[in-house]
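**Q** Here it is: the structure, laid out below.
The values are calculated or read from the model by the stated rules, or taken from the named source; none is laboratory data. Since the structure is predicted, the reported quantities are computational estimates derived from the model, not experimental observations. A quick note on method: Cβ atoms are made from the backbone with ideal geometry, for glycine too, and the neighbour counts reach across all protein chains shown. Heads up: the accessible areas ignore ligands, DNA and RNA and are worked out on the full protein's heavy atoms, side chains in. Shrake-Rupley method; radii C 1.70, N 1.55, O 1.52, S 1.80 Å.
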Amino acid sequence: MGRNEMGKKYTIGNKTYIQKPLVWGQIKQIIPLFQSFTVLEQINYASIAGILGDNLSKFLAIVLTEEGQEIRKKNLDEVISAIEYEITAEQVVQVVEDFFVCNPAASLLERLTGIMAGMKMPTGSNRQSSPLQAETL
């Protein structure tokens, strides 16, 4: 999907949301959602909900932007409030599946893992980061 394309559209409640390839600001918001995991082996759309747990609503708010709104002006708490009791389970699955279409899993998740590993520099401890083996879709 090219940067100039409209992206994936979803009607949630009475609003239209769009998902496009992530921009750096969104990546910076997503990274902390995954930082508590040191071993991520088979990342795919089926495992994202389990991995994110209570952070799934925040993940959705990060990747979805109301049509006509600038990403940088988006208030995550407002988006969470607007969609949490409107989005269906089927739509959640669709948004997560489309996340991998908009952001190819192998390259994006490997890059995120590299960034996360760089942020977890050892501070005298013997912690080791495990590399992410992204599933090829």
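**Q** Would you call E78 more than 20 Å from V93 (Cα to Cα), modelled with pLDDT of 95 or more and either open to solvent by less than 40 Å² (accessible area, probe 1.4 Å) or more than 13 Å from the chain's Cα centre (by Cα) (or both)? Walk me through it before giving the result.
**A** Working: more than 20 Å from V93 (Cα to Cα): yes; modelled with pLDDT of 95 or more: yes; either open to solvent by less than 40 Å² (accessible area, probe 1.4 Å) or more than 13 Å from the chain's Cα centre (by Cα) (or both): yes.
When the stated conditions are applied, E78 passes them.
**Q** So, one more: Go through the residues of the stretch 105-120 one by one and say whether even a single one is farther than 17 Å from G7 by Cβ, modelled with pLDDT under 80, part of a loop (DSSP other than H, G, I, E, B) and not aromatic (F, W, Y). Spell out the reasoning first.
**A** Of all residues in the stretch 105-120, those farther than 17 Å from G7 by Cβ come to 105-107, 109-120.
From the residues that got through so far, the ones that are modelled with pLDDT under 80 too are 105-107, 109-120.
Filter once more, so that each one left must be part of a loop (DSSP other than H, G, I, E, B): 120.
After this cut, where a residue has to be not aromatic (F, W, Y) as well, the list is 120.
Within the stretch 105-120, one or more residues are farther than 17 Å from G7 by Cβ, modelled with pLDDT under 80, part of a loop (DSSP other than H, G, I, E, B) and not aromatic (F, W, Y).
**Q** Of everything in the stretch 40-68, what is at pLDDT below 85 and assigned to a helix (DSSP H, G or I)? Give them in sequence order. Steps first, please.
**A** If we filter the stretch 40-68 for residues that are at pLDDT below 85, which is where we start, we get 40-54.
Correct list: Y45, A46, S47, I48, A49, G50, I51, L52, G53, D54.
**Q** Filter the stretch 23-39 down to the residues that are hydrophobic (A, V, I, L, M, F, W, C) and open to solvent by less than 20 Å² (accessible area, probe 1.4 Å), then identify the one that is modelled with the highest pLDDT. Outline the logic, then answer.
**A** Taking the stretch 23-39 as the starting set, the residues that turn out to be hydrophobic (A, V, I, L, M, F, W, C) are 23-24, 27, 30-31, 33-34, 37, 39.
Checking which are open to solvent by less than 20 Å² (accessible area, probe 1.4 Å) leaves us with 30-31, 33-34.
Working: I30: 88, I31: 84, L33: 83, F34: 72.
Here the answer is I30.
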